[in-house]
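Asks: Just passing along the structure, written as structure tokens.
The values are calculated or read from the model by the stated rules, or taken from the named source; none is laboratory data. As the structure is a computational prediction, the values presented were derived from the model and not from experiment. Cβ placement follows ideal geometry from the backbone for every residue including glycine, while neighbour counts extend to all protein chains displayed. Note: areas computed on protein heavy atoms with side chains; ligands, DNA, RNA excluded. Shrake-Rupley method; radii C 1.70, N 1.55, O 1.52, S 1.80 Å.
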Amino acid sequence: MTQQHSFGYGPITCAAFNKDRTQVALSPNNSEVHIYEFRGKSWEKLHELKEHGQCVTGIDWAPTSNRIVTCGADRNAYVWVFEDGSWRPTLVILRINRAATCVKWSPNEDKFAVGSGSRLISVCYFEKENNWWVSKHIKKPIRSTITCIDWHPNNILLAAGSSDFKARVFSAYVKEVESKPSPTSWGSKMPFGNLMSEFSNSPYGGGWVHSVCFSESGEKLCWVGHDSSLSVVDSANAMMQSSTKTEFLPFLSCAFVTNNNIVVAGHGCLPMLYLHDDQGNITFMNKLDVSSKQSSGGTISAMKRFQTMDRMAATEVSTTDPNTIHQNTITQVMVHTGTKDRCAKFVTIAMDGKMVIWDFKSLESSIQGLKLM
């Protein structure tokens, strides 16, 4: 069964869970971050983080150190630490002149990366001598806004997608906080900012890269583009790149749920499952939304019409809503329970204000032929 949660307002821009998934930090499409705790059968608001001057664009919650990092269109990032019953912010020196677009803690939680419209990535770490967060910049050969980032499990490599139609893997090795890295399937020379690999959606350019994700082993990298494509690179198999242009609306987020299975979602308002096999083939498996809701024909009231137009941001509305659980674009897919190689549950966040938790066991029992590989 899926668990549907709503927080009583419109679009959710971004969200992140704490370690045991009892709390969630989310931004309701403004400059604030709200923290909720699950109590009984509902979510109860605990805190409101108000430090950003413009819309919050990224949130990540470090599971072990319990620190939250946020970034926003005001060109700032903050690290939040829970002390004496409240969250206290520390400003991060990003040194950017355009909006920050995404943020992600490294696996060891000793640094984080921030993408921005300044055509660079700020890799931030804590400088104990001065007691502040400082940043180093990865610039070349980025030619446009960084739209998404993800860390390799080794805490060194960083994948980034951008609106110049490229997905890239960089070295984010910071000698001040970590020891010299060992060789990987992506390469052995890893000075800070070194470009390890660069990929396009297609030989003809492709579209903006909306989401990137490493597999649990770190050998595979997947990404989705605005040309309705899904691409996977296997670094352990001679950097074999596979791409497929789908018949669906563009995807905005992707996540590995096993070493071979990928969940994608976006403008189609529902999650889908794909398989990437050892031969490099990408195969569509199933749509994962098996909502029993049936669209009803006939007329609708004026109030219902205007409510639907407001929710869907449309100038006209048909007499039927989408036959899906989410009624608007899904902006984020992430693992809820388990790991990227053995996911039991995953979460989708959408512009309709809903957060939905999907259980693979119940999905496998309700969808004929569905099985994770």
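Asks: Ignoring ligands, DNA and RNA, what percent of the 1.4 Å accessible area of the range 1-156 is carbon and sulfur?
Replies: Carbon with sulfur: 44 percent of the solvent-accessible area.
Asks: With just the Cα atoms defining each centre, how far is the range 184-220 from the range 50-125? Give it in Å.
Replies: Here the two parts' Cα centres lie 23 Å apart.
Asks: I've got another one for you. Using only the Cα atoms of the range 200-255, what semi-axes does the equivalent ellipsoid have when each is the square root of 5 times a gyration tensor eigenvalue? Give whole Å, largest first.
Replies: 19, 13, 8
Asks: Could you please report the charge total around residue 218, scoring K, R as +1 and D, E as -1 over all other residues with beta-carbon less than 12 angstrom from its beta-carbon?
Replies: It works out to a net charge of -3.
Asks: Kirkwood Rh, the chain, all Cα pairs: how many Å?
Replies: On the way: mean 1/r = 0.0471 Å⁻¹.
One decimal place: 21.2 Å for the Kirkwood radius.
Asks: Still on this structure: State the number of lysine pairs found in the range 64-177 whose Cα atoms come within less than 13 Å, restricting to pairs 8 or more positions apart or on distinct chains.
Replies: For the range 64-177, the number of qualifying lysine pairs is 5.
Asks: Hey, can you rank 327-340, 187-200, 169-182 by average C-beta count inside 10 Å, highest first?
Replies: By packing density, highest mean first, the sequence is 327-340, 169-182, 187-200.
Asks: Out of every Cα pair in the range 129-177, what percent are spaced more than 18 Å from each other? Working shown, then result.
Replies: Working: 439 of 1176 pairs.
Of all Cα-Cα pairs in the range 129-177, 37 percent lie more than 18 Å apart.
Asks: Alpha carbons only, please: Rg and Dmax for the range 1-81, in angstrom.
Replies: Computed over the Cα atoms of the range 1-81, radius of gyration and Dmax are 12.5, 40 Å.
Asks: Using the C-alpha gyration tensor of the range 103-164, what are the square roots of 5 times its eigenvalues, in whole angstrom, with the largest one first?
Replies: Output for the range 103-164: semi-axes of 21, 14, 8 Å.
Asks: Could you give the length gained on full extension between residue 304 and residue 48, defined as 0.36 nm per residue of separation minus the Cα-Cα distance, in nm?
Replies: Computed gain between residue 304 and residue 48 is 89.0 nm.
Asks: Separate question: Please tell me the relative contact order of the range 207-257 in percent, rounded to the nearest whole number, where contacts are Cα pairs under 8 Å and at least six residues apart.
Replies: Once divided by the residue count of the range 207-257, the mean separation gives 37 percent.
Asks: Shifting gears a bit: Scattering from the C-alpha atoms of the range 1-137 alone, worked out with Debye: what is log10 I(q)/I(0) at q = 0.21 1/Å?
Replies: -1.31
Asks: Using the Kirkwood radius built from alpha carbon pairs, what does the Stokes-Einstein equation give as D for the range 163-268 at 20 °C and 1.002 mPa s, in µm² per second?
Replies: D, rounded to a whole number, is 147 µm²/s.
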